[in-house]
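Asker: My questions all concern the structure below.
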Amino acid sequence: RHIGVSNHGVSHLDRLRQIAPVASLQPPYSMFARDVEAEILPYCARHSVGVVCYSPMAKGLLTGAFTAQRAASLSQRDHRSRDPRFRSPQLEIYLAAVEQLGKIAGQLGWTTAELAIAWVLRRPEVTAAIVGSRGPDQIAQTVQAGLRVLDEATEEAVDAVLDSLDEALQSLDGIERARV
């Protein structure tokens, strides 16, 4: 009855719209994967396409529990072992940003994970976020995050961290960067 697509850009959505309306889009979206903010989210808003984002925790980086030691111990079967964000020098840059985000979350009495999920859900185009969990405690945290609302000061603080992250990543001239 309804069409939902995953990982489609604006040109694909426009082509599909000529056939039938698209009800939902499933793109990656997190503090560390913000490409969809430029064109895709505004397009979805204009055309009433619901956004069900995946990987709002950036494959675990935004949990606040991921460490360099854990990254080093990832199995070759784990796709993150091949992701540039989980290898030096990017890993250290991302972990430094997570530490700063953790401080912002702590000032609110939140976890880093709650901040990351609330940040994704702050966008009116985002109708849901797919958040994985390894146990009931993580599910409870996810539910709590869905109730969190970011105020303007918190959004500005997060933006400052993300701007610094972007600058640090841009300084890695010639080094492979992850897109998702």
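The values are calculated or read from the model by the stated rules, or taken from the named source; none is laboratory data. The model shown is predicted, which means the values in this text are computed figures rather than measured ones. Using ideal geometry, Cβ is built from the backbone for each residue, glycine included, and neighbour counts are taken over all protein chains shown. Accessible surface is based on the protein model in full, side chains and every heavy atom, while ligands, DNA and RNA are left aside. Shrake-Rupley method; radii C 1.70, N 1.55, O 1.52, S 1.80 Å.
Asker: Can you pull out every residue in the range 1-28 that is of a type outside the set (Asp, Glu) and out of contact with any strand residue (DSSP E or B) (no Cβ under 8 Å at 6 or more places or on another chain)?
Answerer: Of all residues in the range 1-28, those of a type outside the set (Asp, Glu) come to 1-13, 15-28.
Correct list: Arg1, Gly9, Val10, Ser11, Arg15, Arg17, Gln18, Ile19.
Asker: For the range 95-120, name all the residues that are open to solvent by 10 Å² or more (accessible area, probe 1.4 Å) and in contact (Cβ under 8 Å) with a residue 60 or more places away in the chain.
Answerer: Result: Ala96, Gln100.
Asker: Turning to a different aspect of this structure: Please go through the range 122-170 and give me each residue that is touching a helix residue (DSSP H, G or I) at 6+ places or on another chain (Cβ under 9 Å), free of Cβ contacts under 8 Å to residues at least 40 places away in the same chain and outside any loop (DSSP other than H, G, I, E, B), ordered by number.
Answerer: Gln138, Gln141, Thr142, Gln144, Ala145, Gly146, Leu147, Glu155, Ala160
Asker: So, one more: Could you please find all residues in the range 70-86 being over 16 Å from the mean Cα position of the chain (by Cα) and either among the hydroxyl-bearing types (Ser, Thr, Tyr) or crowded, with 19+ Cβ neighbours inside 10 Å (or both)?
Answerer: Passing the criteria: Ala71, Ser73, Ser75, Ser81.
Asker: Sticking with this structure for a sec: Restricting attention to strands (runs of 3 or more DSSP E) lying wholly within the range 1-81, give those where 3 or more residues are in contact (Cβ under 8 Å) with a residue 24 or more places away in the chain and either of a type in the set (Lys, Arg) or within 15 Å of Gly132 (Cα to Cα) (or both).
Answerer: 50-54
Asker: Run down Gly60, Gly9 and say which single residue is surrounded by 14 or more Cβ atoms within 10 Å (Cβ to Cβ) and under 30 Å from Gly109 (Cβ atoms). Full working, then the answer.
Answerer: On the way: Gly9 fails: under 30 Å from Gly109 (Cβ atoms).
Being surrounded by 14 or more Cβ atoms within 10 Å (Cβ to Cβ) and under 30 Å from Gly109 (Cβ atoms) holds for just one of Gly60, Gly9, which is Gly60.
Asker: The conditions are (1) modelled with pLDDT of 90 or more; (2) open to solvent by 90 Å² or more (accessible area, probe 1.4 Å), and Leu162 fails exactly one of them. Which is it?
Answerer: Status for Leu162: all satisfied but (2).
Asker: Among Gly60, Gly102, which is under 19 Å from Leu165 (Cα atoms) and at pLDDT 95 or above?
Answerer: Values: Gly60 fails: at pLDDT 95 or above.
It is Gly102.
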